[in-house]
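Structure, as structure tokens:
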Amino acid sequence: MSMQLETRNREAFELVTDALEFIDRYRKTRDVARLGEASNRLAQATKKDPCYFRAWYYDALVDDLSGRPQQAVEKLKQLLNQSSLLTDEVRYNLGLAEYHRYSHDALRRAIHEFMHVLTSAKDRSLQLRAQAGLAQAYAMHMIPQEHDKPNLEQIQQYHNLAIGSVSQIFQELEASWPRRLLRPSKSPMDSSTAVEIRWTAHNAKGMALMYYSDYLPQIEDLEDAPGRKRQAATAEVALSELTHAEAIQARDWANWCDLASAQMRLAYYRSESDRFHKTLELLQYVIEQLRPGYAFAIYEKGRALRLLGEHKKAIECFNAALAVPPDQRDVSERRVTAERQRAALQDKSFP
Amino acid sequence: MEIGSIYEAAGPFGDAEAAYRTAALLDAAKPLEEAQRWEDAEVLYRQALQSGSPKQRRFALKKIEELAAIRDSFWQEQVVPTWDASLKALLSTGLLVVYVALFVLLGTLLRSIFRKKHRDRLAIGDFGSMNGGRQPGDSFGETLKFLHERMTAHYRRRIIVGETGKMPVLLDASPSDFLDLITEATDSLVPFGEWLARVTHQPGYAISGWTEPTPQSIKIFARLQHNGKTVHQWLRIYRLRDWFGSEQDLAYEVLLRLKEYTDVHAA
């Protein structure tokens, strides 16, 4: 089936326009019901014109935004070489959907796609978005597959890559006005794109520092007390970066989960039970409002409860997370099962 | 003056005074004559004729005769007034030519500036019926404008979607606030305001055409132009009862053609 970028069918066009308006409203309100409306219109549009590229493309993006990255990846792969005009955009979104699957294999594929966009895209703002995505993927890749067998060298390497990418982004975004005047861009970036890139960069930096703090004493070969102190300081900076991201773009479910994770680490390093409760509040808001029933947030809530010593409640959370289908869980069965086992053994250690 | 001195020396001082006065009149007439103020010079010579010595009177009479000859000549009678009139006419025409040239130059300059400024702008005609009066099809221009707005919203740059091409911005056909202001100031500026509105309205893209309804059908002609050259044109006939369903489809077809054309040219 050969796709056409535009449709000759006005009704299909109207349906896609309605869907785009719903996506815009979702971005303003973070109301996931809007994504459902958008998805519905796009499904109708693809029925009216099965060769309408834009309808399929936006449908894949809505899948990814709605937490169905697996479906998004499948659709985007099919669309990849269907429109020469949007190849780089499709590839970038494919990278983003792979990133949202969070497994190490998917993260490697995400890194590959973002790198491809960085070298092939002509649009500077798309290149920067890819670089920001790359920083997030590097940061996420720092989480070891098995918490008790971390590859410290690899964690250090991905941490450096993530922080390096973020530095490049800020350097570019904060280029002084004489430089911008002397080297004007052919495709100047609009303010909302700059905001999105800045948000992603702060989120990536927050994640990189947060995951680095997990194994910092081993990486930097520190004793217990100074190691714990450095861990807390690093988690504090991570929290500050994530709070900055929240200030730029509020109520993003992924950033809220990261904020909760950073709070959880600080609570653990400083033995502050109030912070554990703050962590639980943040995660509860994600589960109830921002992304209803989000399995990763339920899993993270279980971890916070385990560290707090509420092992029974923690086990309930891990069981609830395992009840969610694997393609919507964003956390592997092995990881959840391992955490459940630690809760059962009343293990209060971290990571 | 010489005669006046002789009289003065001999004793008849009244004659001497008259001779001096006449001499002054003759002296005053000379520069007037040189300045070709013939009538003023003649008045002075006539006064000298009444009060001067015989020699002075003879001189004044001779001058009056000479002046009469000059004034009666063909040159003064025909050529000089014609020349003066021609000169005045030439001057007026020259000024007019300069004004016209300035307007043409200003018009060309403004057209060129606004053609460049509005190269990505679109103007949509009103598609009025050729038969006059309110007819089905008259609203096609409005339908095009409505769909243009929808397509602009559709192709707007979005973060998650990125750049997907642009629709040319609609150029408002009504005069600007500035033109409103200057034409409201005084009625005499209305033609200038209209001229200014005409030369500054230079869209790169234009959709124009007409409709021709009959009791059973409606014929519609639409033309898409870029910089005055036709990109595509449509001539369709619809049954009147189908028109209301087809109007938006045709408007979409026209605007989609425009979008595809601009995408190729932007690339």
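Of note, B:Phe127 satisfies the criterion of being of a type in the set (Phe, Trp, Tyr) and outside any helix (DSSP H, G or I). Filtering B:Ser112, B:Ser176 for residues that are surrounded by fewer than 16 Cβ atoms within 10 Å (Cβ to Cβ) and modelled with pLDDT of 75 or more leaves a single hit, B:Ser112.
Return yes or no: is A:Leu85 surrounded by fewer than 23 Cβ atoms within 10 Å (Cβ to Cβ), more than 21 Å from A:Gln328 (Cβ to Cβ), more than 14 Å from chain B (Cβ to nearest Cβ) and among the aliphatic types (A, V, I, L, M)? Taking the combined requirement at face value, the residue does not satisfy it. Just one of the listed residues (A:Val336, A:Val286) is touching a residue at least 24 places away in the same chain (Cβ under 8 Å), of a type in the set (Val, Ile, Thr), touching a Leu at 6+ places or on another chain (Cβ under 8 Å) and closer than 29 Å to A:Ala201 by Cα, namely A:Val336.
Residues in segment A:74-111 that are farther than 29 Å from A:Gln145 by Cβ and hydrophobic (A, V, I, L, M, F, W, C): 4 in all.
The lone criterion from (1) within 22 Å of A:Lys205 (Cβ to Cβ); (2) out of contact with any helix residue (DSSP H, G or I) (no Cβ under 8 Å at 6 or more places or on another chain); (3) at pLDDT 95 or above; (4) of a type outside the set (Val, Ile, Thr) left unmet by A:Glu281 is number (1). The condition of being touching a residue at least 40 places away in the same chain (Cβ under 8 Å) and more than 14 Å from every other protein chain (Cβ to nearest Cβ) holds for only one of A:Tyr102, A:Tyr52, A:Tyr92, A:Tyr58, that being A:Tyr102.
Across segment A:61-71, a minimum of one residue is classified as in contact with a Pro (Cβ under 9 Å, 6 or more places away or on another chain), within 14 Å of another protein chain (Cβ to nearest Cβ) and farther than 22 Å from A:His116 by Cα.
Consider segment A:16-36 and keep the residues that are among the β-branched types (Val, Ile, Thr) and more than 10 Å from chain B (Cβ to nearest Cβ). The one that is nearest to A:Glu288 (Cα to Cα) is A:Val32.
Screening segment B:37-88 for residues that are over 25 Å from B:Gly14 (Cβ atoms) and in a loop (DSSP other than H, G, I, E, B) and picking the one that is modelled with the highest pLDDT gives B:Arg37.
Restricting attention to segment A:142-149, does a residue exist that is in a helix (DSSP H, G or I) and out of contact with any Lys or Arg (no Cβ under 7 Å at 6 or more places or on another chain)? Scanning segment A:142-149 turns up no residue that is in a helix (DSSP H, G or I) and out of contact with any Lys or Arg (no Cβ under 7 Å at 6 or more places or on another chain).
Would you check if A:Glu246 is surrounded by fewer than 23 Cβ atoms within 10 Å (Cβ to Cβ), under 16 Å from the mean Cα position of the chain (by Cα) and without any contact (Cβ under 8 Å) to a residue 40 or more places away in the chain? Answer is yes for this residue. Figure legend. Inter-residue proximity from segment A:198-213: first residues polar (S, T, N, Q) and surrounded by fewer than 24 Cβ atoms within 10 Å (Cβ to Cβ), second residues modelled with pLDDT of 95 or more and not in a helix (DSSP H, G or I), beta-carbon distance below 7 Å, spacing 6+ or different chains. No pairs are indicated.
Here A:Ala45 fulfils each of the conditions (1) crowded, with 21+ Cβ neighbours inside 10 Å; (2) under 22 Å from B:Lys166 (Cβ atoms); (3) within 10 Å of another protein chain (Cβ to nearest Cβ) apart from (3). Taken over segment A:72-82, the criterion of being aliphatic (A, V, I, L, M) and either within 11 Å of chain B (Cβ to nearest Cβ) or buried (at least 19 other Cβ atoms within 10 Å of the Cβ) (or both) is satisfied by A:Ala72, A:Val73, A:Leu76, A:Leu79.
Residues that are closer than 30 Å to B:Leu102 by Cβ, without any contact (Cβ under 8 Å) to a residue 40 or more places away in the chain and of a type in the set (A, V, I, L, M, F, W, C) within segment B:196-231 comprise just one, B:Ala197.
Checked against (1) modelled with pLDDT of 90 or more; (2) in contact with a Leu (Cβ under 6 Å, 6 or more places away or on another chain), B:Pro203 passes all but condition (1).
In summary, A:Arg124 fulfils each of the numbered conditions (1) surrounded by fewer than 17 Cβ atoms within 10 Å (Cβ to Cβ); (2) farther than 26 Å from A:Met3 by Cα; (3) away from chain B (no Cβ under 14 Å) with the single exception of condition (3). Summed over segment A:21-47, the residues that are under 19 Å from the mean Cα position of the chain (by Cα), closer than 15 Å to A:Asp59 by Cβ and not aromatic (Phe, Trp, Tyr) give a count of 2. No other residue among A:Arg270, A:Arg251, A:Arg291 is within 25 Å of A:Asp347 (Cβ to Cβ) and out of contact with any strand residue (DSSP E or B) (no Cβ under 8 Å at 6 or more places or on another chain) apart from A:Arg270.
To keep it simple, each residue is scored yes or no on (1) under 30 Å from A:Arg54 (Cβ atoms); (2) surrounded by 13 or more Cβ atoms within 10 Å (Cβ to Cβ); (3) modelled with pLDDT under 80; (4) within 14 Å of another protein chain (Cβ to nearest Cβ).
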position: B:Arg158; (1), (2), (3), (4): yes, yes, yes, yes
position: B:Asp172; (1), (2), (3), (4): yes, no, yes, no
position: B:Gly209; (1), (2), (3), (4): yes, yes, no, no
position: B:Pro213; (1), (2), (3), (4): no, yes, no, no
position: B:Lys229; (1), (2), (3), (4): yes, no, no, no
position: B:Arg241; (1), (2), (3), (4): no, no, no, no
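The values are calculated or read from the model by the stated rules, or taken from the named source; none is laboratory data. Only a predicted model underlies this, so the values are computations on that prediction, with no experimental measurement involved. Note: ideal-geometry Cβ built from the backbone for every residue, glycine included; neighbour counts use all protein chains shown.
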